[in-house]
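The values are calculated or read from the model by the stated rules, or taken from the named source; none is laboratory data. This structure is a prediction, so every number in the text was calculated from the model and none was measured. Counting neighbours? That spans all protein chains shown, and the Cβs are built from the backbone with ideal geometry, glycine included. To get the accessible areas, we keep the full protein, side chains included, count just its heavy atoms, and leave off ligands, DNA and RNA. Shrake-Rupley method; radii C 1.70, N 1.55, O 1.52, S 1.80 Å.
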Amino acid sequence: MAESDFLALSGSAKEADSGPRPVPRHVALIMDGNGRWAAKRGLPRFEGHRRGVEALRRAVRAAIGIGIQYLTVYSFSVENWSRPREEVQGLMGLLHRFIRNDLAELNANNVRVRVIGARAGLDADVAALLREAEQVTEGNSGLTLVVAFNYGARQEIAAAARAIAEAVAAGRLSLNDIDTDAISAHLHTADIPDPDLIIRTSGEQRLSNFLLWQAAYAEFVFLPINWPDFDEGAFKAAIEDYAHRDRRFGRVEPVACNAKTGS
Ligand code: IPE
Ligand code: IPE
Ligand code: MG
């Protein structure tokens, strides 16, 4: 798609005749294929991860330019601990460097950083860094960058179930209060809207324990490219694809692209 078409689609002049602005409020990225990117080039997997961080930087800048309000990035799953020790250490080092090097720019760009995933069991220095990123950017009002780190959706749902059971046992909540809103309110994403669009690179077509609850009515775009090759053009093309989807939320007529699912 030509750049001008994209701008025309999201521009205010077109809004009156083409309905609501077709920019997803919340995009979630499954940044997959770093290892395969490296293998194709005869490079170590770490080099793929290093180039993956550069792609992440580009994606954040592109998200700001596009006008996305929430960008969630799957950076490390609970299952990723079962990778070789050396690879896990390399990934931790990259997270460290990303926050150290990029926090100032993120802050200057009015980005608010949020982290979802389990904090328990993380190295103290990693946990402190994540906290710092959240605290430093807490007052920002631009893009919310949600970093899914040590994240697993089933674990998140199980933790919510435990918290709800505790509240019932303590008499703070009645059984009849346990509805879909109550469950959403006990997830790490409690105050974050559900993703409108989930993009996964690398050609795999699965969620891999990512946002299982929140993805109930998300649109999906699966791209055949590996994550380090993801750029602004690929991002805008995925948004354009999304803009042409009919979201029905179980109804007969399509609903505006940014409408809430209601539950
Ligand atoms: C995504 O790339 C990065 C993480 C999961 C941390 P991979 O490392 O999964 O790359 P592939 O899928 O093996 O190519
Ligand atoms: C999903 O990718 C996790 C992240 C992108 C952080 P994986 O590479 O771990 O997923 P599977 O193992 O192919 O399903
Ligand atoms: Mg992978």
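Residue by residue, here is whether (1) surrounded by 12 or more Cβ atoms within 10 Å (Cβ to Cβ); (2) within 16 Å of ligand 3 (Cβ to nearest atom); (3) polar (S, T, N, Q); (4) modelled with pLDDT of 95 or more holds:
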position	(1), (2), (3), (4)
15	yes, no, no, no
32	yes, yes, no, yes
69	yes, no, yes, yes
103	yes, no, no, yes
108	no, no, no, yes
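Exactly one residue among 204, 166, 240 is among the acidic types (Asp, Glu), in a loop (DSSP other than H, G, I, E, B) and farther than 16 Å from residue 72 by Cα, and that residue is 204.
Listed by position, the helices (runs of 4 or more DSSP H) enclosed by region 34-142 that each have at least 2 residues that are free of Cβ contacts under 8 Å to residues at least 60 places away in the same chain and either among the hydroxyl-bearing types (Ser, Thr, Tyr) or within 22 Å of residue 225 (Cβ to Cβ) (or both) are 34-40, 45-66, 85-108. Only one of (1) of a type in the set (Gly, Ala, Ser); (2) within 26 Å of residue 48 (Cα to Cα); (3) part of a loop (DSSP other than H, G, I, E, B) fails for residue 171. Which number is that? Among (1) of a type in the set (Gly, Ala, Ser); (2) within 26 Å of residue 48 (Cα to Cα); (3) part of a loop (DSSP other than H, G, I, E, B), residue 171 violates only (2). Determine whether residue 220 is open to solvent by 40 Å² or more (accessible area, probe 1.4 Å) and assigned to a strand (DSSP E or B). So residue 220 fits the description; yes. What residue, among those in region 187-241 that are aromatic (Phe, Trp, Tyr) and more than 16 Å from ligand 2 (Cβ to nearest atom), is nearest to residue 41 (Cα to Cα)? Going through the qualifying residues, I end up with 235.
If the condition is being of a type in the set (Gly, Ala, Ser) and near ligand 2 (Cβ under 9 Å from one of its atoms), then region 64-83 contributes 75, 77. Out of 79, 134, one residue alone is in contact with a strand residue (DSSP E or B) (Cβ under 8 Å, 6 or more places away or on another chain), open to solvent by 20 Å² or more (accessible area, probe 1.4 Å) and not aromatic (Phe, Trp, Tyr). It is 134.
Taking the criterion of being of a type in the set (Asp, Glu) and under 30 Å from residue 92 (Cβ atoms), the residues of region 149-193 that qualify are 156, 191. Only a single criterion out of (1) at pLDDT 95 or above; (2) in contact with an Asp or Glu (Cβ under 7 Å, 6 or more places away or on another chain) is not satisfied by residue 254, namely (1). Restricting to region 131-157, count the residues that are farther than 15 Å from residue 189 by Cβ and more than 16 Å from the chain's Cα centre (by Cα). The total comes to 10. The condition (being aromatic (Phe, Trp, Tyr) and touching a Gly at 6+ places or on another chain (Cβ under 7 Å)) is satisfied by just one residue among 213, 227: 227.
Of all residues in region 113-128, those satisfying the criterion of being of a type outside the set (D, E, K, R) and within 19 Å of residue 60 (Cα to Cα) are 113, 115, 116.
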